1. When both residues are 6+ apart or on different chains and their Cβ atoms are under 7 Å apart, which pairs have a first residue that lies in the range 23-46 and is within 26 Å of GLN5 (Cα to Cα), and a second that is of a type in the set (Asp, Glu)?
2. If you check VAL37 against the conditions, is it touching an Asp or Glu at 6+ places or on another chain (Cβ under 7 Å) and either surrounded by 11 or more Cβ atoms within 10 Å (Cβ to Cβ) or aliphatic (A, V, I, L, M) (or both)?
3. Please find, within the range 42-60, the residue that is farthest from SER18 (Cα to Cα) out of those that are at pLDDT below 95 and open to solvent by 80 Å² or more (accessible area, probe 1.4 Å).
4. Return the residue satisfying two criteria in turn: it lies in the range 1-21 and is charged (D, E, K, R) and exposed (fewer than 13 other Cβ atoms within 10 Å of the Cβ), and of such residues it is nearest to HIS56 (Cα to Cα).
5. Just checking, does the range 61-68 include any residue being of a type in the set (Gly, Ala, Ser) and at pLDDT below 95?
6. Is it true that HIS24 is modelled with pLDDT of 95 or more and either open to solvent by 60 Å² or more (accessible area, probe 1.4 Å) or in a loop (DSSP other than H, G, I, E, B) (or both)?
7. Consider THR10 carefully, then state whether it is modelled with pLDDT under 85 and among the β-branched types (Val, Ile, Thr).
8. Taking only pairs six or more apart or across chains, which ones have beta-carbon atoms under 8 Å, a first residue in the range 4-17 that is among the small types (Gly, Ala, Ser), and a second residue that is open to solvent by 70 Å² or more (accessible area, probe 1.4 Å)?
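The values are calculated or read from the model by the stated rules, or taken from the named source; none is laboratory data. Keep in mind it's a predicted model, so treat the numbers as computed, not measured. For neighbour counting, all protein chains shown are included, and Cβ atoms are generated from backbone atoms with ideal geometry for every residue, glycine included. All accessible areas refer to the heavy atoms of the entire protein, side chains included, with ligands and DNA or RNA removed. Shrake-Rupley method; radii C 1.70, N 1.55, O 1.52, S 1.80 Å.
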Amino acid sequence: MCQHQPLCPTAESADRESARLVAHHPEQGWSLLCNGVLLFEDTGELLPDGQIIAPHRPMGTEHVMTAA
C-alpha cells in the first residue's frame, strides 16, 4: 500500500499510528493513514482487517505529577 521511502509501518506494527496521513476529516472525527488504518479522534482505531482497537487516550491531567 505505502509508496513512501522509508516505508510507513504496517497496520500490524505497534507503531502503526506513525504512518502518513492519506485523508484527514477533523469535522467528522477520523483520519485515514497510509497503512489503511482508520484513526478516530478518540484514539480508537479500525484496522484494514476489521479489527477494532479501543481508544487509548493518555491519563487525564489530574493523574499527572509535576516536579516541585
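1. TRP30/GLU41; VAL37/GLU45; LEU38/GLU45; LEU39/GLU17; LEU39/GLU45
2. yes
3. Restricting to residues being at pLDDT below 95 and open to solvent by 80 Å² or more (accessible area, probe 1.4 Å), the top hit is MET59.
4. In the first step, residues of the range 1-21 are kept if they are charged (D, E, K, R); the result is 12, 15-17, 20.
In the following step, the residues that additionally are exposed (fewer than 13 other Cβ atoms within 10 Å of the Cβ) were identified as 12, 15, 20.
Values: GLU12: 17, ASP15: 14, ARG20: 20 Å.
The residue in question is ASP15.
5. Within the range 61-68, one or more residues are of a type in the set (Gly, Ala, Ser) and at pLDDT below 95.
6. Yes: the conditions hold for HIS24.
7. no
8. The qualifying pairs are ALA11/PRO48; ALA11/ASP49.
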